[in-house]
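Participant: I have a structure I would like to understand better, so I am pasting it below and will then ask my questions one at a time.
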Amino acid sequence: MHASATPMHPHGILSTPTRIGPIQLRNRLSVAPMTRVSATAEGVPTTRMRGYYEAFARGGFGLVITEGIYTDRAFSQGYLYQPGLTDDAQQAAWHGIVDRVHAHGARIFAQLMHAGALSQGNRFRDRGAGPSTVEPRGEQMSFYRGQGRYPVPLEMGQAEIDEAVDGFAQAAARAFAAGFDGVEIHGANGYLIDQFLTRYSNHRQDGYGGDTGNRIRLLEQVAVAVRQRVGDGKVVGVRVSQGKVNDFLHKWEEGLEDARTIFQRIGRLPVDYVHTTEFEAWQPAFGAGASLASLAREHARLPVIANGSLHHPERATAMIAADEASLVSLGRGALANADWPRRVDAGLAVSEFNRALLSPVADLENAERVCAEG
Ligand SMILES: Cc1cc2nc3c(=O)[nH]c(=O)nc-3n(C[C@H](O)[C@H](O)[C@H](O)COP(=O)(O)O)c2cc1C
């Protein structure tokens with residue numbers, strides 16, 4: 001008789017199954033949402049996109065979260081060639097992608113995004129709209145075909161807010177009709193919902209402005225509207241962050257107090273998970289103390305997906321082992337290694353991310369050219 005000689009895999013915990021709501025996931029590894037501006041001009045996903053998403057599923061990820069998808073035919077679109085979920089042609093093309101991902105045993109969530117004041121390209125409107133007439137910080141992103149400063153947005157009235165909320169609900173219904181396993185409401189990174197949440201971009205005097213409890217109202221209304229439209233038993237999550245694409249270092253003004261308010265409110269919503277993103281997910285959210293992911297876990301009491309520089313297997317393993325998160329999501333790590341889960345499972349090295357993949361334009365055609373040139 002002898003004891004098992006098989007040593008424990010150092011990152012074996014990443015390969016353990018888990019659940020989000022009613023959905024079973026084969027492991028703890030998700031692809032982070034990444035805008036790739038590779039749809040048609042009409043926002044219809046392409047066959048190239050199908051191959052891109054399929055590769056992550058084939059490479060072993062348990063979950064793929066799509067790029068931010070625009071939700072209505074008014075102010076939501078952020079980028080030219082961004083895909084949408086607002087008509088039958090877009091929905092049918094997404095269905096084809098979902099089927100390819102499912103064929104390899106992975107799950108796929110649609111990230112629903114309203115760009116608000118950060119819109120750099122919208123075929124339905126020639127100006128962005130946001131909570132207040134405040135020029136967004138920073139400059140437009142050239143790798144998404146933007147240039148110069150952001151225009152001052154139109155201030156949304158109640159009718160535009162209602163239209164945006166309804167857009168999220170309708171796009172969510174289309175996502176489930178297209179076979180998606182869940183939807184993620186994009187409340188992070190400086191886009192519309194985050195513009196409402198952030199004091200400096202929200203100067204409203206009505207029930208959407210003022211204290212944090214008011215500024216999170218739009219997120220609450222979107223989550224409730226989505227749940228009402230899709231019904232129980234469907235996965236709905238929210239993504240939140242402190243940093244923004246146009247203000248990387250932003251911290252919630254009230255620090256820990258804000259974290260408590262925001263995550264407690266999210267915990268009372270009809271949602272199944274929280275996705276947090278920070279530059280380095282394991283770092284204290286506010287100088288010292290707990291990470292944003294573990295604050296989410298503590299106060300929302302929901303499964304958490306943690307994101308931010310977790311592409312080194314030791315980092316990802318530590319987040320899961322410490323129960324700071326149920327899953328980790330990888331952005332740049334997944335771009336550099338569509339088969340990151342299989343490589344790590346086999347004990348192989350993972351490649352470093354190459355910035356040229358996203359430059360001069362962050363689309364799939366550019367990435368294929370860079371890869372072909374080796
Ligand atoms: C090319 C690119 C596009 C991105 N687009 C989105 C997006 O559409 N929605 C979103 O929530 N985050 C987006 N992000 C942020 C990523 O989801 C992730 O938070 C970021 O890359 C940090 O994770 P990482 O350190 O694993 O790369 C994008 C990141 C990259 C690199």
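Participant: Looking only at segment 336-367, count every residue that is closer than 26 Å to residue 144 by Cβ and in contact (Cβ under 8 Å) with a residue 24 or more places away in the chain and tell me the total.
Facilitator: At the first step, the residues of segment 336-367 found to be closer than 26 Å to residue 144 by Cβ are 336-338, 340, 351-367.
With in contact (Cβ under 8 Å) with a residue 24 or more places away in the chain added as a condition, the list becomes 336-338, 340, 353, 358-365, 367.
Matching residues across segment 336-367 total 14.
Participant: Please tell me if residue 164 is without any contact (Cβ under 8 Å) to a residue 24 or more places away in the chain, more than 29 Å from residue 327 (Cα to Cα) and outside any loop (DSSP other than H, G, I, E, B).
Facilitator: Values: without any contact (Cβ under 8 Å) to a residue 24 or more places away in the chain: no; more than 29 Å from residue 327 (Cα to Cα): yes; outside any loop (DSSP other than H, G, I, E, B): yes.
It is false that residue 164 is without any contact (Cβ under 8 Å) to a residue 24 or more places away in the chain, more than 29 Å from residue 327 (Cα to Cα) and outside any loop (DSSP other than H, G, I, E, B).
Participant: Checking the structure you have, find out if any residue of segment 223-246 is open to solvent by 10 Å² or more (accessible area, probe 1.4 Å), within 14 Å of residue 295 (Cβ to Cβ), out of contact with any Pro (no Cβ under 8 Å at 6 or more places or on another chain) and not hydroxyl-bearing (Ser, Thr, Tyr).
Facilitator: No, segment 223-246 has no match at all.
Participant: Let me ask another. What strands (runs of 3 or more DSSP E), lying completely within segment 6-91, carry at least 2 residues that are within 15 Å of the ligand (Cβ to nearest atom)?
Facilitator: Numbers: elements: 18-20, 23-25, 29-31, 63-70.
In segment 6-91, the matching strands (runs of 3 or more DSSP E) lie at 29-31, 63-70.
Participant: Pairs needed: first member in segment 136-148, exposed (fewer than 15 other Cβ atoms within 10 Å of the Cβ); second member anywhere, among the basic types (Lys, Arg); C-beta distance under 7 Å; at least 6 residues apart or different chains.
Facilitator: If the second residue must be among the basic types (Lys, Arg), the pairs left are 139/149.
Participant: Related question: Let me confirm something: among 189, 214, which residue is closer than 25 Å to residue 64 by Cβ and open to solvent by 10 Å² or more (accessible area, probe 1.4 Å)? Give the steps one after another, and end with the answer.
Facilitator: Working: 214 fails: closer than 25 Å to residue 64 by Cβ.
One residue alone meets the criteria, 189.
The values are calculated or read from the model by the stated rules, or taken from the named source; none is laboratory data. All values derive from a computational prediction rather than experimental measurement. A quick note on method: Cβ atoms are made from the backbone with ideal geometry, for glycine too, and the neighbour counts reach across all protein chains shown. SASA here: full protein model, heavy atoms, side chains in, ligands and nucleic acids out. Shrake-Rupley method; radii C 1.70, N 1.55, O 1.52, S 1.80 Å.
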